[in-house]
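Remarks on the structure that follows.
Coordinate-derived values only; no laboratory data. Just so we're clear, the structure is a prediction, and the values are computed from it rather than from any experiment. Here the Cβ positions follow ideal geometry from the backbone for every residue, glycine too, while neighbour counts run over all protein chains shown.
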Amino acid sequence: MSGRFTDRAAYVTGAGAGVGRATAELFAREGAKVFAVDIDGDAVVETVDAIHAAGGTARGGVADVGDFDSVEASIEYMVDAFGGLDVLVNVAGVGKALRLEELDEREWQRTMSVNLSGVFHTTKHAVPHLLRTRHGSIVNVASIAGLRGQAYCAAYCASKAGMINFTRSIALEFASRGLRANCVAPGGIETNLISGFIPREDFEPQLIAYYSPPPPGRLAKPADVANSIAFLASREARMINGAVLTCDGGTLA
């Protein structure tokens with residue numbers, strides 16, 4: 001296969017389903033050697049098998065992005081297998097709508113561990129390898145929830161806002177060394193995660209109008225977000241660094 005990512009190696013988290021799987025499959029179609037990572041081993045196998053069936057190159061591994069050592073071992077294995085790392089894509093994420101009174105320490109820490117610390121873990125271990133390529137790229141999947149407040153989503157909003165500014169900081173820190181870092185900020189996506197954000201009867205509807213089901217055609221499909229990720233990771237976007245690309249059908253507008 002040949003395309004925008006021929007001879008490049010991509011590490012994709014959350015690759016077992018949804019946006020992560022769509023991204024892994026797209027990168028493989030575009031010529032990348034894909035290392036698919038997820039906490040669900042069976043889901044990783046399905047993604048890798050689908051890529052192989054389509055003629056692409058892929059390997060997979062089980063890793064908990066919230067665990068520093070797990071991520072380190074995973075990235076080292078990937079680099080040994082593929083000979084390097086050119087693109088890091090952080091898709092893995094968790095979240096759900098809860099009243100603040102219901103948001104306990106365990107849920108808060110879980111959200112931060114995956115959505116924010118997970119991005120730190122992968123970036124920390126990937127950067128030395130990305131810098132060797134001179135055209136390395138990081139794309140993190142944030143959310144429009146990281147660009148404004150959202151009732152009943154304090155933990156999720158905080159984690160995604162943190163991810164966005166972490167990405168901007170990394171973009172500036174490594175700009176002179178050829179490494180770019182950007183975010184995609186989707187709105188609602190047709191994935192399993194959105195089920196956790198369906199408004200409950202005890203939520204005040206006037207406070208959640210902006211994340212109720214959008215107009216027809218405004219709910220993104222995983223492939224829509226994957227296309228945005230691929231663009232930002234590609235050399236076509238070589239002058240885009242530290243950006244947040246909204247992929248929300250105009251919701252924020």
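Quick one: net charge around ASN227, please, counting Lys, Arg +1 and Asp, Glu -1 for every other residue with C-beta under 11 Å from its C-beta. Kindly include the intermediate steps, with their values, before the conclusion.
Numbers: positive: LYS221; negative: GLU30, ASP224.
Charge balance in the 11 Å sphere: -1.
Relative contact order of the chain: 19 percent, from C-alpha pairs under 8 Å at least 6 residues apart in sequence. Counted by neighbouring Cβ atoms within 10 Å, the residues SER169, SER176, SER117 run from fewest to most as SER176, SER169, SER117. Among the listed pairs LYS33/LYS96; LYS96/LYS124; LYS33/LYS221; LYS96/LYS160, which are separated by more than 22 Å between their Cα atoms? The answer is LYS33/LYS96; LYS96/LYS124; LYS33/LYS221. A simple count of charges around ALA237, restricted to other residues whose Cβ falls under 11 Å of its Cβ and scoring Lys, Arg +1 and Asp, Glu -1, yields +3. Look at ILE138, ILE229, ILE240 and count the other Cβ atoms within 10 Å of each Cβ; fewest to most, that gives ILE240, ILE138, ILE229. Considering only ALA181, ALA237, ALA17, the mean-square fluctuation computed in a Gaussian network model of the chain, springs between alpha carbons under 10 angstrom, is largest for ALA237.
For the chain, the gyration tensor built on C-alpha atoms gives a prolate shape. Its axis ratio a/c (a ≥ b ≥ c) is at least 1.5, and a/b is the larger of a/b and b/c.
Which of ARG110, ARG238 has the fewest other C-beta atoms within 10 Å, and how do the rest follow up to the most? If you can, show how the numbers build up before the last one.
Numbers: ARG110 16, ARG238 11.
With the fewest neighbours first, ARG110, ARG238 line up as ARG238, ARG110.
Quick check: residue separation of PHE68 and ALA50 times 0.36 nm, minus the Cα distance between them. What number comes out in nm?
Details: separation 18, 0.36 × 18 = 6.48 nm, distance 2.86 nm.
So the chain would gain 3.6 nm between PHE68 and ALA50.
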